Amino acid sequence: MVLELLAGAYPESATGLKYRTPFELLVAAILSAQCTDKQVNKITGRLFEKYRTPQDFALLSVDELAGEIKGCGLYRNKSRHIVRTARTLLERYDGRLPESRPELESLPGVGRKTAGVVLGEAFGRDTMPVDTHVFRVARRIGLAAGKTPRQVEQELLACIPAGQRMAAHHRLISHGRRVCTARRPKCPECCLRELCLFPS
């Protein structure tokens, strides 16, 4: 019922990040932490015209890349992670992005959520990445009760059918951004208000 209502409200179910290759998606996903997709796309629109491959990014200094991505939060840390990741890809994987979760999560700045996004979007894996929006909305509407993103992910994997998980991920994010916001959720506008556990 919840998935059908979300599908009706958000028929589109794709990432808002713009990318052409799995590596570009990884860079965009790293940049997206505590930054809007709109701002990331503004930065990567310019960035990916100059630098597109791990080889390109590996040649940059951390300060050079920091200057290019200054418009997003935590840009110095993100710059360090991206440059180190590019160099690691060249050293360990011949410049290719690995397609396994443990290998992706071993890259600097890549956690479980970012690895899940890359696996699901770029490689078509059946993942259920849990960001702050997915975590909040899933708990409010009763899809999950876990207290950590990992617990919520496991609960969502158990209740969302295979093949529908990335679409559900995107729809939960859309709902969290547009309606079920962290502060002052728009409960009267919510397509799930009859099912919601959150006191409005």
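The values are calculated or read from the model by the stated rules, or taken from the named source; none is laboratory data. Only a predicted model underlies this, so the values are computations on that prediction, with no experimental measurement involved. Don't worry about glycine lacking a Cβ; one is built from the backbone with ideal geometry, like all the others, and counts go over all protein chains shown.
Condition check: within 17 Å of the chain's Cα centre (by Cα), aromatic (Phe, Trp, Tyr) and either farther than 30 Å from Val179 by Cβ or in a helix (DSSP H, G or I) (or both). Does Phe57 satisfy that?
On the way: within 17 Å of the chain's Cα centre (by Cα): no; aromatic (Phe, Trp, Tyr): yes; either farther than 30 Å from Val179 by Cβ or in a helix (DSSP H, G or I) (or both): yes.
Here the answer is no, as Phe57 does not meet what is asked.
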(message) For the range 94-108, check the following and say yes or no: at least one residue is touching a residue at least 40 places away in the same chain (Cβ under 8 Å), within 21 Å of Ser13 (Cβ to Cβ) and within 18 Å of the chain's Cα centre (by Cα).
(response) no
Condition test on Arg184, is it basic (Lys, Arg) and either touching a Lys or Arg at 6+ places or on another chain (Cβ under 9 Å) or not in a loop (DSSP other than H, G, I, E, B) (or both)?
no
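Considering only residues that are assigned to a loop (DSSP other than H, G, I, E, B) and of a type outside the set (Gly, Ala, Ser), look in the range 12-26 and name the one that is nearest to Leu89 (Cα to Cα). Give the derivation first.
Filtering the range 12-26 down to residues assigned to a loop (DSSP other than H, G, I, E, B) leaves 12-21.
Applying the additional criterion that residues be of a type outside the set (Gly, Ala, Ser) yields 12, 15, 17-21.
Numbers: Glu12: 33, Thr15: 24, Leu17: 22, Lys18: 21, Tyr19: 18, Arg20: 18, Thr21: 14 Å.
Within the range 12-26, the match that is nearest to Leu89 (Cα to Cα) is Thr21.
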* To do: Kindly check whether there is at least one residue in the range 34-48 that is at pLDDT 95 or above, not polar (S, T, N, Q) and not in a helix (DSSP H, G or I).
  => no
Only unsatisfied item for Ala138, checking (1) under 17 Å from the mean Cα position of the chain (by Cα); (2) within 19 Å of Arg52 (Cβ to Cβ); (3) buried (at least 20 other Cβ atoms within 10 Å of the Cβ), is (2)
Open item on the list: Considering only the range 176-194, I want to know if a residue exists there that is modelled with pLDDT of 95 or more, crowded, with 21+ Cβ neighbours inside 10 Å and under 30 Å from Arg84 (Cα atoms).
Closed with: no
Exactly one of Ile173, Ile160 is crowded, with 20+ Cβ neighbours inside 10 Å, touching a His at 6+ places or on another chain (Cβ under 8 Å) and either of a type in the set (A, V, I, L, M) or free of Cβ contacts under 8 Å to residues at least 24 places away in the same chain (or both), and that residue is Ile173
**Study point:** Ser79 within 20 Å of the chain's Cα centre (by Cα), at pLDDT 95 or above and hydroxyl-bearing (Ser, Thr, Tyr)
**Key:** yes
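Considering only the range 60-81, I want to know if a residue exists there that is within 24 Å of Leu172 (Cα to Cα), surrounded by 15 or more Cβ atoms within 10 Å (Cβ to Cβ) and of a type outside the set (A, V, I, L, M).
yes
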Turns out the helices (runs of 4 or more DSSP H) fully within the range 88-158 with at least 2 residues that are under 21 Å from Pro185 (Cβ atoms) and at pLDDT 95 or above are 132-140
